[in-house]
Amino acid sequence: MTLPHHIIDLFAGPGGLDVGATWLDLPAKGIEWDSSACATRRMAGLDTVEGDVRNYGPEHFPEATVLTGGPPCQTFTVAGTGSGREALDDVKRQAEDMSVRLGGSILRKCFADERTGLVLEPLRWALSALKSGTPFEAIVLEQVPAVLPIWETYGQILKRNGYGVATGILRTEEFGVPQTRRRAVLIARLGDEDVSLPAPTHQSFRRGALSQTALGLRPWVSMGEALERSTSFTVVSNYGSGGDPRNRGERRSDEPSATVTGKVTRNRVRFANGKEGRFTHQEAGRLQTFPRDYPWSGRDIGQQIGNAIPPRLAVHVLARALKIQIDEDELDRTVNSSWMAGRPVPLGVKSENLVAAQQL
């Protein structure tokens, strides 16, 4: 009898991957150090360990058969410090050194920003599990595109240790997310060479092109559709475009959103009548495909939303990693359903807070 998969999710954030896992009926436990993200997770009823990933290892979670993780991206993203991108060769060298020792400590002091070293944590977990003789059956990692060379190095190491591996860049709008966002993804499966990334289900977005069905793909999803707004609007980005801070990028409501960042609520929403507004946290979450009544809590909610993997993308990646068939119509209904209805009330959550979350 095949035992059910259990996920241990490193750097779990507010629950993007764990929401996707819940939709697939996969038990998941997330490790997250940020207290605000943990507050959101607890309000959502997600199994959570509040703590530093570096203080744990696979021996603390013997039931886990699947390792997932999205390490912090601040030093690798274009909008961040860039120190992680500059340290790519050092990270890859450390990864190879760790593979010889099958785990071991990470030399964080060699990085200008210690957050860069966090990208090595999933490899430490994977190699430690191999060393103990209880390897993970599947591994799923995601990060910004600049991290792809690191995932490729990890892939070479994992292949030498009995895994089939696929790495590459996925575009979120090609999986029904109303947003153009690119993510570097690694999928590994023990003892199976037939591993690949999920195939797109929706069209890729091109400026000026119509959203329509073609080549067996569904149309990409627009902001207007996702937010169920009948009136048109234009989103004016908080960021400059083309290197000019005064040249703010714009997207129309009949197009997918630009990448949702931690500053998403600073974007201006301009309506046809000239009035302007801002996205609410619930609306920003919808652009990431979180449920409309997801109970965002704590501080820096915009940052929580921007840091998360879109749950709908997580469904596709997890399903491919674990060979689960997806019905896109059923996934549509699931993404658009209530999260709070029928879910257990987390311990310590006041009833009035739960009511407020359900009314959002």
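The values are calculated or read from the model by the stated rules, or taken from the named source; none is laboratory data. Just so it is clear, the model here is predicted, and its values are computed rather than measured. Here the Cβ positions follow ideal geometry from the backbone for every residue, glycine too, while neighbour counts run over all protein chains shown.
Here are the numbers for this structure:
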read-out: Complete set of residues in segment 290-313 that are within 17 Å of the chain's Cα centre (by Cα) and closer than 20 Å to D332 by Cα; value: F290, P291, Y294, A308, I309, P310, P311, R312, L313
read-out: Scope segment 141-162; condition over 20 Å from Q94 (Cα atoms) and part of a strand (DSSP E or B); matching residues; value: none
read-out: Residue list for segment 273-308, restricted to those being without any contact (Cβ under 8 Å) to a residue 40 or more places away in the chain and at positive phi; value: G274
read-out: Pair list, Cβ under 8 Å, 6 or more apart: segment 127-149 residue closer than 17 Å to E96 by Cβ, other residue charged (D, E, K, R); value: L127/R101; S128/E59; P149/K92
read-out: All positions within segment 235-282 that are in a loop (DSSP other than H, G, I, E, B), among the aliphatic types (A, V, I, L, M) and either modelled with pLDDT of 95 or more or surrounded by 14 or more Cβ atoms within 10 Å (Cβ to Cβ) (or both); value: A258, V260
read-out: Residue within segment 306-313 that is at pLDDT below 95, over 18 Å from C38 (Cβ atoms) and in a loop (DSSP other than H, G, I, E, B) present; value: no
read-out: Residue within segment 113-135 that is at pLDDT below 85, touching a Phe, Trp or Tyr at 6+ places or on another chain (Cβ under 9 Å) and surrounded by 22 or more Cβ atoms within 10 Å (Cβ to Cβ) present; value: yes
read-out: Only listed residue being over 23 Å from S99 (Cβ atoms), out of contact with any Leu (no Cβ under 9 Å at 6 or more places or on another chain), of a type in the set (S, T, Y) and in a loop (DSSP other than H, G, I, E, B), chosen from S196, S204; value: S196
read-out: Among the candidates D9, D25, residue that is modelled with pLDDT under 95, under 24 Å from R183 (Cβ atoms) and out of contact with any Pro (no Cβ under 8 Å at 6 or more places or on another chain); value: D25
read-out: Residue that is farthest from L313 (Cα to Cα) [pool: residues in segment 32-56 that are in contact with a Ser or Thr (Cβ under 8 Å, 6 or more places away or on another chain) and without any contact (Cβ under 8 Å) to a residue 40 or more places away in the chain]; value: E50
read-out: Which numbered condition Y163 fails, given (1) surrounded by 21 or more Cβ atoms within 10 Å (Cβ to Cβ); (2) in contact (Cβ under 8 Å) with a residue 40 or more places away in the chain; value: (2)
read-out: Some residue of segment 176-183 being of a type in the set (G, A, S), in contact (Cβ under 8 Å) with a residue 24 or more places away in the chain and on the phi < 0 side of the Ramachandran plot; value: no
read-out: Residue check, V78 modelled with pLDDT under 95 and among the β-branched types (V, I, T); value: yes
read-out: Subset of segment 46-71 that is within 21 Å of G285 (Cα to Cα) and either at pLDDT 95 or above or in contact with a Gly (Cβ under 6 Å, 6 or more places away or on another chain) (or both) - its residue that is surrounded by the most Cβ atoms within 10 Å (Cβ to Cβ); value: G69
